[in-house]
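The values are calculated or read from the model by the stated rules, or taken from the named source; none is laboratory data. Bear in mind that the values here come from a model prediction, so they are computed numbers and not experimental data. Virtual Cβ from ideal backbone geometry, glycine too; neighbours counted across all protein chains shown. What goes into the accessible areas is simple: the full protein's heavy atoms, side chains included, and nothing from ligands, DNA or RNA. Shrake-Rupley method; radii C 1.70, N 1.55, O 1.52, S 1.80 Å.
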Amino acid sequence: MAHEILIVDDEPDIRMLIEGILEDEGYETRVAATSDAAIAAFRARRPSLVILDVWLRDSQLDGLGILNVLHAEEPSIPVIMISGHGTIETAVAALQHGAYDFIEKPFQADRLLVVVRRALEASRLARENEELRLRAGQDTELFGNSALITAVRGQIERVAPTGSRVLITGGPGAGKEVAARMIHARSRRADGPFVALNCAILAPNRFEEELFGLEGAADGTGRRTGVLERAHGGTLVLDEVADMPLETQGKIVRALQDQTFERLGGSTRVKVDIRVLATTNRDLQAEIMAGRFREDLYYRLAVVPLRLPGLRERRDDIPGLAELFLRRAAEMAGLPQRELSADAIAALQAYDWPGNARELRNLMERVLIMMPGNSMEPIRAEMLPSTLGEGAPALLKFDASADVMSLPLRDARDMFETQYLQAQLLRFGGNISRTAIFVGMERSALHRKLKQLGVTSEERGVG
């Protein structure tokens, strides 16, 4: 996406010259000749960068005064000061007021372009560093090799460059925000901001202020930008959008349609260019039927639906995810790394994971920190929390108290084989072929054995 640059200069020839230089390099431009026009243009739509003349005829404010106003509202936007009457004192004053750089007129086109590129790159790096600081520890890729998660990654690769709105659904902890970050990173807006608004934790009376911002006083004091404005040129994620109040839903419909809105207390419409992604763990069609979600908002958000499968649907990915989370936890805590034994992995694969990958990550961190014993020993199934076994399907709960010694050898063997094969079927999501490879049997032989033992578990759904 092309960067937009606001050019503020009272000389038409200079404005046209800078416009031509920048547009030849693929930048988009807007121009203003006075302080009032410059501030109005800045407030109407945030540019990526401002080129600002120090001296402006017929203006209430000079360039330094405008710089103070702009940085009071949005200090992250770089400003390059220019002047035909430059002195060392003027340049120093501009830099002290927060300008990125100072260029004296007349200037070479190459010099201007170099400074513009450096300013935009510095702004991008500062934004990325801030986001990394706020989001430290967040995953940025969907991990796994199962067919389901591979298909999701393929969908993301296809939809990311299009600019279409995407509705991402899935259970808590399934990776919805990770998917949103992947879409942003692979889009044409990757260099723009990524802003997420968590609708589930925001008080109802705060929604509109967070979305649209506050206008404040005429001199700019008290003005606060909302997430729609902060996401200009990038991606806005409405996280758990089903929790947005109905009244706010009605107001954001128009903002999505027109890409314009008014700050609270203001009368000027602000234009933005954003891509909106939404996430939810609820059935929005059911929410619409219950009158809790607007149908028109649903169809604006769900241009492309993307469903994140739960961890129980992709049990093949659990061993790799568990080992990844263990390794990360060890690195962060400064502890020795531990391995998972085969029986521990089987127990993890048998659990239903209502909290999905987030629950698995938290468990691995807790196990690593709280686990007693020699760090060289692998983590075994009996070392895992009891809740893991309590939540496991009934067919994996072996009856240790059963008096197998009272059974004939054939019956004892059949009991063990039944429970063992049921457990392995569940572990591999009912996939007969993969189960057969793991247990060391021909596929047809496994079919016969399952029929002989009367194993008709629902996990045999995949052949």
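Does Arg230 satisfy the condition of being within 24 Å of Arg189 (Cβ to Cβ) and either under 24 Å from the mean Cα position of the chain (by Cα) or surrounded by fewer than 16 Cβ atoms within 10 Å (Cβ to Cβ) (or both)?
Details: within 24 Å of Arg189 (Cβ to Cβ): yes; either under 24 Å from the mean Cα position of the chain (by Cα) or surrounded by fewer than 16 Cβ atoms within 10 Å (Cβ to Cβ) (or both): yes.
Answer is yes for this residue.
Looking only at residues in region 331-341 that are open to solvent by 70 Å² or more (accessible area, probe 1.4 Å) and assigned to a helix (DSSP H, G or I), which one is nearest to Pro378 (Cα to Cα)?
Looking at residues that are open to solvent by 70 Å² or more (accessible area, probe 1.4 Å) and assigned to a helix (DSSP H, G or I), I get Glu331.
Can you tell me which residue among Pro47, Pro12 is modelled with pLDDT under 95 and either closer than 17 Å to Ala119 by Cβ or in contact with a strand residue (DSSP E or B) (Cβ under 7 Å, 6 or more places away or on another chain) (or both)? Walk me through how you get there before you give the answer.
Numbers: Pro12 fails: either closer than 17 Å to Ala119 by Cβ or in contact with a strand residue (DSSP E or B) (Cβ under 7 Å, 6 or more places away or on another chain) (or both).
Step by step, each of Pro47, Pro12 is checked, and only Pro47 is modelled with pLDDT under 95 and either closer than 17 Å to Ala119 by Cβ or in contact with a strand residue (DSSP E or B) (Cβ under 7 Å, 6 or more places away or on another chain) (or both).
Mind telling me which of the residues Phe143, Phe212 ends up being open to solvent by less than 20 Å² (accessible area, probe 1.4 Å) and either of a type outside the set (Lys, Arg) or closer than 27 Å to Pro354 by Cβ (or both)?
Criteria check complete, one pass: Phe212.
Can you tell which of Arg328, Arg282, Arg314, Arg366 is closer than 25 Å to Val178 by Cβ, open to solvent by less than 40 Å² (accessible area, probe 1.4 Å) and within 27 Å of the chain's Cα centre (by Cα)? Working first, answer last.
Values: Arg328 fails: open to solvent by less than 40 Å² (accessible area, probe 1.4 Å); Arg282 fails: open to solvent by less than 40 Å² (accessible area, probe 1.4 Å); Arg366 fails: open to solvent by less than 40 Å² (accessible area, probe 1.4 Å).
Within the list Arg328, Arg282, Arg314, Arg366, the selection yields Arg314.
Collect the residues in region 303-338 that are modelled with pLDDT of 95 or more and basic (Lys, Arg), keeping them in residue-number order.
Arg307
Any residue in region 173-192 that is within 19 Å of Asp273 (Cα to Cα) sitting within a Cβ distance under 6 Å of a residue that is open to solvent by less than 40 Å² (accessible area, probe 1.4 Å) and polar (S, T, N, Q)? List the pairs, counting only those 6 or more apart or interchain.
Every condition considered, the pairs that remain are His184/Thr235; Arg189/Thr235.
Can you go through Arg300, Arg254, Arg269 and tell me which one is open to solvent by 20 Å² or more (accessible area, probe 1.4 Å), modelled with pLDDT under 90 and closer than 16 Å to Arg165 by Cα?
Arg254
So how many residues does region 257-266 have that are open to solvent by less than 30 Å² (accessible area, probe 1.4 Å) and of a type in the set (S, T, N, Q)?
1
Go through (1) touching a helix residue (DSSP H, G or I) at 6+ places or on another chain (Cβ under 7 Å); (2) acidic (Asp, Glu); (3) open to solvent by 30 Å² or more (accessible area, probe 1.4 Å) and name the single condition Asp239 misses.
Unmet for Asp239, out of (1) touching a helix residue (DSSP H, G or I) at 6+ places or on another chain (Cβ under 7 Å); (2) acidic (Asp, Glu); (3) open to solvent by 30 Å² or more (accessible area, probe 1.4 Å): (3).
Run Glu157 past the list (1) open to solvent by less than 80 Å² (accessible area, probe 1.4 Å); (2) at pLDDT 90 or above; (3) part of a helix (DSSP H, G or I) and report the number of the one that doesn't hold.
Of everything listed in (1) open to solvent by less than 80 Å² (accessible area, probe 1.4 Å); (2) at pLDDT 90 or above; (3) part of a helix (DSSP H, G or I), Glu157 misses just condition (1).
Which one of Leu125, Leu120, Leu113 is crowded, with 18+ Cβ neighbours inside 10 Å and either farther than 18 Å from Val54 by Cβ or not β-branched (Val, Ile, Thr) (or both)? Outline the logic, then answer.
On the way: Leu125 fails: crowded, with 18+ Cβ neighbours inside 10 Å; Leu113 fails: crowded, with 18+ Cβ neighbours inside 10 Å.
Just a single option satisfies the conditions, and that option is Leu120.
Output the number of the condition that Ser35 fails; it satisfies all remaining conditions of (1) under 22 Å from Thr225 (Cβ atoms); (2) more than 36 Å from the chain's Cα centre (by Cα); (3) open to solvent by 40 Å² or more (accessible area, probe 1.4 Å).
(3)
Which numbered condition in (1) open to solvent by 50 Å² or more (accessible area, probe 1.4 Å); (2) modelled with pLDDT of 85 or more is the only one that Gly373 fails?
Among (1) open to solvent by 50 Å² or more (accessible area, probe 1.4 Å); (2) modelled with pLDDT of 85 or more, Gly373 violates only (2).
Output the residues belonging to region 78-106 that are in contact with a helix residue (DSSP H, G or I) (Cβ under 9 Å, 6 or more places away or on another chain), hydrophobic (A, V, I, L, M, F, W, C) and farther than 20 Å from Ser48 by Cβ.
Across region 78-106, the qualifying residue is only Ala93.
When you go through (1) at pLDDT 90 or above; (2) part of a loop (DSSP other than H, G, I, E, B); (3) open to solvent by 20 Å² or more (accessible area, probe 1.4 Å) one by one for Ala196, which number turns out not to apply?
The failed condition is (2).
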